[in-house]
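Working notes, structure below.
The values are calculated or read from the model by the stated rules, or taken from the named source; none is laboratory data. Owing to the predicted nature of the structure, the values given are computational and were not obtained by experimental measurement. With ideal geometry, Cβ positions are generated from the backbone for all residues, glycine too; neighbour counts draw on all protein chains shown. Accessible surface is based on the protein model in full, side chains and every heavy atom, while ligands, DNA and RNA are left aside. Shrake-Rupley method; radii C 1.70, N 1.55, O 1.52, S 1.80 Å.
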Amino acid sequence: MVVAIGHPTMAAAASPSPSALTIDQSQREKRIRSSRLCKSVPPQKIPMVYSPSYNIAFLGLEKLHPFDSSKWGRIRDILVKRGTLNPNNVVEPVEATEEDLLVVHSKSYLQSLKWSFNVASIIEVPPVALLPNFIVQRKVLYPFRKQVGGTVLATNLAMERGWAINLGGGFHHCSATRGGGFCVFADISLCIQFAFCQLSISRAMIIDLDAHQGNGHARDFANDERVYILDMYNCEIYPLDIEAKRWIKQRVELLCGTTTEQYLQRLEQELKIAQVAFEPQLLIYNAGTDILAGDPLGQMLISPEGVKQRDEIVFQFAQQQKIPIVMLTSGVWYSDETSS
């Protein structure tokens, strides 16, 4: 199969999305200023954020979904084993509180997570519905809240040092009012709102290269001219969100079976278009590796070397324009081959 033919679709002006961010701005700014997510980081620490609490493992329930919920620890262990990463130099985030999450999310949505059935639906693991909610909060939602804290902290570090990586986050299916696809909290939307308030910027770009359409942040920033979204995804798989497509500024739809050569060629073309279309002060890079050949969900044919080249292309894009970049791992396919 080949890349879908046609120029990326620019979102047309339309009425606001039902999930667009409508929280009172003064209340949002008050919450951001009182937040403790953007803590001071010693200069000897590298701008890489991770916590062992990211990993979700409880009674084997995490194995009921193809998404590897312990992947974040595996990534960290691989980097340490290779000698690429000194674990003592990694930055550990704090957990996002309810007040932090209310910067983006509605109270009704956060309240809905107190029902285990709703959480089970979002993470697509039905047996979780049978668990007492206090267990779900501790074993499932707490890791997600830590990763949200990691995304906000990594964004702050990127603005200070030019780049940062959160070995987690990238929950691009979640919007302010709705979760789904193993995405409980809208960390991308939240970190951009923090950046607008705290970091004196007014233009952010999201480059979403996860295999799946990033429908959550697309809904959150509907008609928000401060945010430019380039989303390159397999249009034949989940979530097939037709409405959310309207809010993606630069939509690049690929097909199942897209090869490495086709993918990289198209990416370079699209980045040239994005460079002319928008001048961001911050770049959020959602770097899902579920585009890899063999991923049971992404259904594309990108080689491990192709994924490395993809990441290099995006970082070079940011470096050449002197744009601070924060990388989120998003959907990750782990195997012995990809860890080599």
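So what's the net charge close to Asp241: Lys and Arg +1, Asp and Glu -1, counting the other residues with Cβ under 12 Å from its Cβ?
+3
Once R0 is set to 25 Å, what does the formula 1/(1 + (r/R0)^6) return for the Cβ-Cβ distance between Lys30 and Ile273, expressed as a FRET efficiency to the nearest 0.05?
0.05
To the nearest µm²/s, what D does Stokes-Einstein give for the stretch 162-319 at 20 °C and 1.002 mPa s, using the Kirkwood radius over alpha carbon pairs as Rh?
137 µm²/s
What are the radius of gyration and Dmax of the chain, computed over its Cα atoms and given in Å?
That works out to 18.5, 51 Å for Rg and Dmax.
In the stretch 183-340, carbon and sulfur make up what percent of the accessible area (probe 1.4 Å)?
The nonpolar share, carbon plus sulfur, comes to 49 percent.
Are there trypsin sites (Lys or Arg not before Pro) in the stretch 244-329 that DSSP puts in a loop and that have at most 10 other Cβ atoms within 10 Å, and which ones?
Those satisfying the criteria are Lys322.
Might you list the cysteines of the chain that have no disulfide-compatible partner by the rule of another cysteine's Cβ under 4.7 Å?
Isolated Cys, the chain: Cys38, Cys191, Cys197, Cys235, Cys256.
For the chain, which DSSP H helices look membrane-span-like by this rule: Cα extent along the axis of 27 Å or more and mean Kyte-Doolittle of at least 1.0?
Membrane-span-like by this rule: not one helix.
For Ile135 and Thr84, what does the FRET efficiency come to when R0 = 35 Å and r is the distance between their Cβ atoms, rounded to the nearest 0.05?
0.45
Residues of the stretch 86-218: accessible area per residue at 1.4 Å, in Å²?
Spelled out: the 1.4 Å probe surface of the stretch 86-218, per residue, equals 31 Å².
Relative to the present Cα-Cα distance, how much length would full extension add between Ser200 and Asp311 at 0.36 nm per residue of separation?
Between Ser200 and Asp311, full extension yields an extra 37.3 nm.
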